[in-house]
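These notes are about the structure you will find just below.
Please treat every number below as a calculation from the coordinates, not as lab data. Just so it is clear, the structure is predicted and the values come from calculations on it, not from any experiment. Cβ placement follows ideal geometry from the backbone for every residue including glycine, while neighbour counts extend to all protein chains displayed.
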Amino acid sequence: MKPVFKNIAAIAVWTGVALSAQADIVLKASHQFPGGKGDARDEMVQMIAREVAAANVGLTIKVFPGSSLVKPKEQWKAMLSGQIDMTSLPLDYASGFHPEFGATLMPGLVKNHTHARQINASPFMDDIRAIINRGGVDVLADAWLAGAFAGKDKCILEPKDADGLKIRSAGATFAQMWAGAGASIVSVPSSEVYSALQQGVAQGTDTSAGSFVSFRLYEQVKCLTAPGDQALWFMYEPVLISKKAMAKLNAAQKAALMAASKKAEDYFAAESKKLDDKMVEAYNKAGVKVVTMTAAQADMWRAVAAKTSYAEFAKTVPTGKALIDKALTVK
């Protein structure tokens, strides 16, 4: 009978191994930002992956940076289809699915990093997160990035400076403001701005502070309009996970993922202002002129945005006016 017991024991061992293997979950995380080059958005996702691995709960996150798995504006759809499980996404990229997301890249709604933290805790963002949730996705970590303007040949400080220029805009709401100032719009993702400027397809751009550095745009522009205290450009770029992927996780895996995400969110909150400082330092070092807007100049742009971006959003998005009004009440 001993051989039988040995067989039973062997079966038990192999069954245990099989069950253990089945318990191991691998999630695919995609984003468009350069990997391993100090981009804080990539570091957020990499940090989550490292922390989850260290928790040893049978969960692995494989990170695919630099648009190596999915094109930038296809990531929301890829999450819903199961092609990827997680992403660090400029939420405005998904405004084709949920037009309300355009409010998270709306000119002049967020003025500086302190204001961004206040917005993040407001009813405005409660509404945005509820739409994300209804769309089949959960927010793992919040992140707001400041951005800037840059001109290939001159500074862009007031609306008149954009008249007649070919401008690459990060999203539809900014494109409407640029157009209202007399610019023509070039539509390419941030990963393609360098070549657009290099080839003369674009003469100016707006994008995040992180992208201004990680994509080395200082090699292609002569003047940078940095955020300062009167920023017009802020974008919400959270780390997201599909509800389908979250449902695969057991309690220990979920707890490890949420703890890792909180650590990554805290890291980014501390880094966000540093991104602006690193941008200014990099552009000064490259010999690019760096300027900031006065309050009066920022108000000129907000006046253009009110007639274009805000008005169009209120007209085309059923809850658009309510969202903008909620954001504007945060002082």
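Rg and Dmax of the chain, both derived from C-alpha coordinates alone, stand at 22.3, 93 Å.
Given 25 °C and 0.890 mPa s, compute D for the stretch 205-278 with the Stokes-Einstein relation, Rh being the Kirkwood radius over Cα pairs; round to the nearest whole µm²/s. Result for D is 163 µm²/s. Measuring between alpha carbons in the structure, the pairs from K73/K243; K262/K326; K222/K307; K160/K274 lying more than 22 angstrom apart are K262/K326; K222/K307; K160/K274. Of the peptides 245-251, 98-104, 172-178, 125-131, the ranking by mean beta-carbon count within 10 Å, highest at the top, reads 172-178, 98-104, 125-131, 245-251. Annotation: amide H of K222 within the under-5 Å range of G151, K152, D153, K154, sequence separation 5 or more or interchain, hydrogens built in the peptide plane. The simple Förster model, with R0 at 22 Å and r as the Cβ-Cβ distance, assigns Q83 and A270 a FRET efficiency of 0.10. Stretching T114 away from K307 to a fully extended chain increases their span by 66.9 nm, per 0.36 nm per residue minus the current alpha-carbon distance. In nm, what is the difference between 0.36 nm times the number of residues separating R134 and K160 and their Cα-Cα distance? Gain on stretching R134 to K160: 5.2 nm.
Would you please state which residues of the stretch 48-84 a label at K37 would reach in this model, taking the label point 7 Å out along Cα→Cβ and a backbone N cut-off of under 16 Å? Under 16 Å, as judged by backbone N against the label point of K37, lie 64-69, 72 of the stretch 48-84. Using Cα atoms only, what is the angle between the long axis of helix 295-305 and the major principal axis of the chain, expressed in degrees (0 to 90) to the nearest 10? With rounding to tens, the tilt is 80 degrees. Note: the stretch 56-187, Cα convex hull, 150 Å³ per residue. Compared with the direct C-alpha span, the chain from D229 to K244 gains 1.4 nm at full extension, assuming 0.36 nm per residue. Label-to-label distance for V26 and K71 is 2.6 nm, based on points extended 7 Å past Cα in the beta-carbon direction. Per-residue 3J(HN,Hα) values for the stretch 131-148, derived from phi via the Karplus relation 6.51 cos²θ - 1.76 cosθ + 1.60 with θ = phi - 60°, read 5, 4, 5, 5, x, x, 9, 10, 8, 8, 8, 7, 7, 10, 10, 7, x, 8 Hz in sequence order (x marks Gly and Pro).
When the alpha-carbon atoms of the stretch 229-331 are used, the pair Rg, Dmax equals 19.5, 53 angstrom.
For K262 and K315, what is the calculated FRET efficiency with R₀ set at 30 Å and r taken between the beta-carbons, to the nearest 0.05? Taking R0 as 30 Å, the efficiency between K262 and K315 is 0.20.
Each of D325 and M300 was given a label point 7 Å from its Cα along the Cα-to-Cβ line. The distance between the two points is 3.1 nm. Could you state the angle between the C-alpha long axis of helix 251-285 and the longest principal axis of the C-alpha atoms of the chain, as a value from 0 to 90 degrees rounded to the nearest 10? With rounding to tens, the tilt is 30 degrees. In the chain, a dipole from Cβ-located charges (positive for Lys and Arg, negative for Asp and Glu) runs towards its positive end, and of N56, L89, L165 it is N56 whose Cα lies farthest in that direction. A Förster radius of 45 Å, combined with the Cβ-Cβ distance separating Q199 from A54, puts the computed FRET efficiency at roughly 0.50.
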